[in-house]
There are 2 protein chains.
Amino acid sequence: MDKVQTQAISTLRVLAAETVQQANSGHPGIALGAAPMAYALFETMNHCPKNPDFFNRDRFVLSAGHGSALLYGLLHLFGYGITKEDLMQFRQLYSRTPGHPEIERTPGVETSTGPLGQGVANAVGFAIAESMLAAKYNKEDLPLVDHYTYALCGDGCMMEGIESEAASLAGTLKLGKLIVLYDSNDISIEGNTSIAFTEDVARRHEAQGWQVIRVNDGEDIDSVKAAIRLAKDEKQKPSLIVVRTTIGFGSPKAGSADSHGAPLGKDGIEALKKNLGIKGKPFEVPAEVNKFMAGVVDSLNKNESEWNRIAKAYKAKYPEDFEKFNAEIKGKAISAEQLENIIKTTDKVDASRSYSGTILNQIADACESLIGGSADLAPSNKTALKDKGDFCAENRTGRNIHFGVREHSMAAICNGIALHGGFNVFCSTFFVFTDYMKNAMRMSAIMNLPVTYILTHDSIGVGEDGPTHQPVEQLASLRCTPNIKVFRPCDSRETKAAYISALTGKGPTAIVCSRQNLEYFEVGADADPLKGGYIFADSESEVPDVILIATGSEVSLAMAAREQLKAAKIDARVVSMPCMELFESQTAKYRESVLPSAVRARVAVEAGSSMPWGKYVGLDGGYVCMDGFGSSAPANKLFEIYGFTAENVVKAAVKSVRACK
Amino acid sequence: MDKVQTQAISTLRVLAAETVQQANSGHPGIALGAAPMAYALFETMNHCPKNPDFFNRDRFVLSAGHGSALLYGLLHLFGYGITKEDLMQFRQLYSRTPGHPEIERTPGVETSTGPLGQGVANAVGFAIAESMLAAKYNKEDLPLVDHYTYALCGDGCMMEGIESEAASLAGTLKLGKLIVLYDSNDISIEGNTSIAFTEDVARRHEAQGWQVIRVNDGEDIDSVKAAIRLAKDEKQKPSLIVVRTTIGFGSPKAGSADSHGAPLGKDGIEALKKNLGIKGKPFEVPAEVNKFMAGVVDSLNKNESEWNRIAKAYKAKYPEDFEKFNAEIKGKAISAEQLENIIKTTDKVDASRSYSGTILNQIADACESLIGGSADLAPSNKTALKDKGDFCAENRTGRNIHFGVREHSMAAICNGIALHGGFNVFCSTFFVFTDYMKNAMRMSAIMNLPVTYILTHDSIGVGEDGPTHQPVEQLASLRCTPNIKVFRPCDSRETKAAYISALTGKGPTAIVCSRQNLEYFEVGADADPLKGGYIFADSESEVPDVILIATGSEVSLAMAAREQLKAAKIDARVVSMPCMELFESQTAKYRESVLPSAVRARVAVEAGSSMPWGKYVGLDGGYVCMDGFGSSAPANKLFEIYGFTAENVVKAAVKSVRACK
């Protein structure tokens, strides 16, 4: 460890502390404690500051996202173009240095982090994607995809269940190129971790199939580097490097929870600089550090060229593979047009989970980049890809991922796979268990990642399994989450539309499917589910007496009610609304054509919370919805007792028509 | 192991399989595999079939809730009054034998289970409650509270992150009276667990501070009993008993995932009975088993009397303590009237999290049964109970629980504490992280448990921490969940109401608080926040031109808009709606008085998803809401750029007034 490296690390520490101080908001504790290991990693990692996106770079995930000031300091010192001015704009509107790392805002940020534990699971996803692509494309002489994935996390990440889930799967899958640095400082917000967290994290990871390497002095970057080398040498197991550090190192609050989440204050900064021997104005980088870092950056910038050489040779020797590879990593493996042709719809009466399973396999046959799996429910979710193999240590080209009963990490791992590039990824569980993985789904949404969530058993239609397994509020919960498209198809056509939208649109998509069979109806040729909401069966006159808006299994109910209303001389239109988000994105004219504002008599029919429907049915409308928990009984019995009958829809329609008179 | 015991276990197995067969739905696999250990536990546990609710009973949690047929079979054999007819009504509407165990439906069911992992965390809550009550009430000669907590779980529970979180905390807290039986059969739904779950569960638990005991032959109940004895002898560590079993034991599908979740079929049942040597009609219990079990039950029924003796002596010797104990375990530690007097409101401008913290401590001073904590955010959530000590191995009477960064298990543990009885329990985290614990909150709601969730940092008011930390859809997500009351108070009065409702009402309550200061307004004496929604500032005429409905920090915005509208000769009423659920429970007349149906010009003002407001503002109303993710910047900046200005509310109001003309 050279003196100038020590000085560079001290500079990094001061920069991070000053960044937080300038914003008067942020987290200096981890930045001061973890600076040496992060610095050591950035010195040794295969990355390229002048082109942070070159594909074969090592991925670095700051799972402890509150350590953003440390990351921005690193990006500043390592030539990523994060300027002093950027650091001074820390946590300010639209700056390149937001409170927690955000993709697309900052070069060198691989994933948005902040909610603890998510980043480690993202990293598992990166490592899965790398191993899959490598197995698929690498040729003996040309390792087109060959990189490591690093994550840095703290005690907070280690306490979260999602980390344990992700670690357990990573160990099972023998992801040898995954390396997690654990900033172990015994401190979390409420004080010493002894009050809440005495587990032996190292031993836990060993039990989960990891190699564990210990660095007892987090100040010693040579030890950190040696540990990283050991980690890289281990091909069969992911590695955990436990680095003992002092939170708030060098500051007057060193070793105390007080250093975690508040600026050090002017005096604190002064003391820190004195302790570390750093002089000069705020945000000043000592000349010798500047000079030294220039050399380091120069050397790192050469990393890309070796890969460019490989890629060039690959392209020459395997042009078709290279083209496919390129299309896949750019997310252009398949187009909407192709999907239109590939997917065959059916008029067979079946459950939408079955439509989904058939379509998923039609796509999988045509599109190699489609991979995914279920949280141990593939037979029920109908998400097994036939003859596509199981992804495991022995078969890196298997396209079925067995996530185990680990919904939360499953979704976060899929975020990592989507971020890595190269795949169209889906995951699956019972719809009600989205509650186990909501934060990871939210991260898909925040990052606008094209993850497809296949969520079956969508309502009281679940039947006998009872209220714990029957979704009620989940449709509303996902619909009110920004950026997620939520489809609840009523037939094979709408299921097809859901998949086309999911695989070719932006952001995550939830495809919510029934367990039970759905009735089939003929619709007009111009009925377009990709509009999100459309006239499924029109009224006889141009202006209907009442509009019945339904989704999924309740469309047939609305259709039956329409017949009964006809007999009562009430002219009803049935609107199927498989995806509110797409409907909202249509022109005002289109929306008006489907839901004319003059028609105030409206009834929403959906076996889920009424909440999303208020804006469509207004003060005079009616609801045939499900605002309480269900029961354990056969599904048909449940639909009956909870009012999902044509008679009840008719009643609500008549009431609404009268209210509007 | 007597022959008759073997026969009793075989009977239990057949009963469970026949129960599933009769319903043509359910899970025979675990019932057949885990029958011996469950039987052994029921023989040795301190319970009392004739009075399943006697307070000092050992608690048994079937965390693998899909094994309900096994539990019902046990309750049938062990004299809990579950009849053959009940078994035949398995999974039928309103039966005592629903698809997954449900409290209050079945004697002997301690908690509703089904979503995997929840039960283990519930059990941790039971064990915490037991140790707290024991420390508080037991006298040297009179152990008023002294019981074990058992859970039975399978591989599914073990894969879930919530289990790891709960296990880690249980080890830290040295919950020596917690004993988990792990039905280890290497099978989950997608096949052999080797594809997804190779972790060494035993070693992982050792790393988390548990004693691990192995039973290599799950058929050998003497070994199981010996393991239970060992577990009970260990006072410092929770115990995991790893019992090796065969899923679907005795059936043609033994050892296969196919036995997990589908009836065995007629032939399968026949083969099972033949293999196990059980004859007779369906649901028939052999005479010798019946006779033997009668003796077992007789003996178990005596368990209560020892405790009755202790309780009687206790009552005589410590009448005041006994009275307090009784009030607490009946959930009557404090009344609404008392709370009215204890809680002092303030007109000080402050954050609602501060109002909450003050009120929480006022209650804690007066009400010993109030306990709880945060997922490592107590200083930010303001939920530390001053001078009330930290609950830990060395201090079982500490009332602050440090849950660590484990939101999901925190909520599930609180469910366990609430189920056990003796406490008013709260837990706390940042509002956005309800997404980490949603399923456990849903379980609070399904079970109607009085858990208080204190959720601070309620909107973009979080500011610099950015979109990952800013709730948007969380208010909607909780409001659409049945049975939860969601409060978002705008001042100290409303915060007081929230606590009164939470501590004296039914079911869970979420108290959603601001990070930032809230403006203070005087309101009329008849303004009653406990109505859920009320006139905060009235219009000048009886029928206002427009109604502004707001909550929390946005009430002041509505008030400012009202002033501006006055200048524009628009007569606005401001309605504060701290709790929609309470408002909905008022009479139609009251609701009409607050929101007259004649007034269609309405604007909802809330820094969260617009979804919940559709039903109140209708087709002509306006929204000043937050339907996208936020940004990292100071909060005042964010409120401005996202349109939370009086001007914008005025604009929406004017537009709505015009639309209604």
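The values are calculated or read from the model by the stated rules, or taken from the named source; none is laboratory data. In this text, all values refer to a predicted model and were calculated from it rather than measured experimentally. Every residue, glycine as well, gets a Cβ built from its backbone with ideal geometry; the counts of neighbours run over all protein chains shown. Please note that ligands, DNA and RNA were not included when accessible areas were found on the heavy atoms of the full protein model with its side chains. Shrake-Rupley method; radii C 1.70, N 1.55, O 1.52, S 1.80 Å.
Structure above, values below:
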read-out: Count of residues meeting criterion [aliphatic (A, V, I, L, M) and not in a helix (DSSP H, G or I)] in segment B:384-417; value: 5
read-out: Filtered residue count, segment B:26-51, keeping only those that are surrounded by fewer than 19 Cβ atoms within 10 Å (Cβ to Cβ) and either assigned to a loop (DSSP other than H, G, I, E, B) or basic (Lys, Arg) (or both); value: 3
read-out: Flag for B:LEU74 being at pLDDT 95 or above and touching a strand residue (DSSP E or B) at 6+ places or on another chain (Cβ under 8 Å); value: no
read-out: Residue match in segment A:113-133 (condition: in a helix (DSSP H, G or I), open to solvent by 10 Å² or more (accessible area, probe 1.4 Å) and among the polar types (S, T, N, Q)); value: yes
read-out: Segment A:298-332, residues that are surrounded by 19 or more Cβ atoms within 10 Å (Cβ to Cβ) and within 27 Å of the chain's Cα centre (by Cα); value: A:PHE325, A:GLU328, A:ILE329
read-out: Within segment B:238-263, tally of residues that are in contact with a helix residue (DSSP H, G or I) (Cβ under 6 Å, 6 or more places away or on another chain), open to solvent by 20 Å² or more (accessible area, probe 1.4 Å) and under 26 Å from B:LYS84 (Cα atoms); value: 5
read-out: Tally, over segment A:86-112, of residues that are surrounded by 22 or more Cβ atoms within 10 Å (Cβ to Cβ), among the polar types (S, T, N, Q) and at the interface with chain B (Cβ under 9 Å from one of its Cβ atoms); value: 2
read-out: Search result, residues across segment A:583-600 that are open to solvent by 10 Å² or more (accessible area, probe 1.4 Å), part of a loop (DSSP other than H, G, I, E, B) and either hydroxyl-bearing (Ser, Thr, Tyr) or under 21 Å from B:ARG600 (Cβ atoms) (or both); value: A:SER585, A:THR587, A:LEU595, A:PRO596, A:SER597, A:ALA598, A:ARG600
read-out: Of residues in segment B:113-161 being acidic (Asp, Glu) and more than 21 Å from the chain's Cα centre (by Cα), the one nearest to the other protein chains (Cβ to nearest Cβ); value: B:ASP155
read-out: Qualifying residue in segment A:72-84 (condition: within 14 Å of chain B (Cβ to nearest Cβ) and either touching a residue at least 12 places away in the same chain (Cβ under 8 Å) or open to solvent by less than 10 Å² (accessible area, probe 1.4 Å) (or both)); value: yes
read-out: Whichever residue in segment A:470-487 is at the interface with another protein chain (Cβ under 10 Å from one of its Cβ atoms) and among the aliphatic types (A, V, I, L, M) and, among such residues, is farthest from B:ILE484 (Cα to Cα); value: A:ILE484
read-out: Hey, B:LEU449 touching a helix residue (DSSP H, G or I) at 6+ places or on another chain (Cβ under 9 Å) and assigned to a strand (DSSP E or B) or not; value: no
read-out: Lone unmet requirement of (1) of a type in the set (Gly, Ala, Ser); (2) over 20 Å from the mean Cα position of the chain (by Cα); (3) under 24 Å from B:HIS408 (Cα atoms) for A:GLY176; value: (3)
read-out: Among residues of segment A:344-383, those that are assigned to a strand (DSSP E or B) and under 22 Å from the mean Cα position of the chain (by Cα), counted; value: 5
read-out: So A:TYR616, is it open to solvent by 30 Å² or more (accessible area, probe 1.4 Å) and aromatic (Phe, Trp, Tyr); value: no
read-out: Close pairs from segment A:60-71: first closer than 19 Å to A:GLN21 by Cα and open to solvent by 10 Å² or more (accessible area, probe 1.4 Å), partner in a helix (DSSP H, G or I) and of a type in the set (Val, Ile, Thr), Cβ under 8 Å, at least 6 apart; value: A:HIS66/A:ILE30
read-out: Hits in segment A:203-221 - residues which are open to solvent by less than 40 Å² (accessible area, probe 1.4 Å) and either at the interface with chain B (Cβ under 8 Å from one of its Cβ atoms) or out of contact with any helix residue (DSSP H, G or I) (no Cβ under 8 Å at 6 or more places or on another chain) (or both); value: A:ARG204, A:ALA207, A:GLN208, A:GLY209
read-out: Every residue from segment A:529-545 that is surrounded by 15 or more Cβ atoms within 10 Å (Cβ to Cβ) and charged (D, E, K, R); value: A:LYS531, A:ASP538, A:ASP545
read-out: Matching residues in segment A:428-469 - criterion: being touching an Asp or Glu at 6+ places or on another chain (Cβ under 9 Å), more than 8 Å from every other protein chain (Cβ to nearest Cβ) and of a type in the set (Ser, Thr, Tyr); value: A:THR429, A:THR434, A:SER459
read-out: Conditions (1) more than 8 Å from chain B (Cβ to nearest Cβ); (2) modelled with pLDDT under 95: number failed by A:LYS177; value: (2)
read-out: Selection status of A:VAL603, buried (at least 24 other Cβ atoms within 10 Å of the Cβ) and aliphatic (A, V, I, L, M); value: yes
read-out: Every residue from segment A:607-661 that is among the hydrophobic types (A, V, I, L, M, F, W, C) and more than 24 Å from A:GLU519 (Cα to Cα); value: A:MET611, A:VAL617, A:LEU619, A:PHE629, A:VAL654, A:VAL657, A:ALA659, A:CYS660
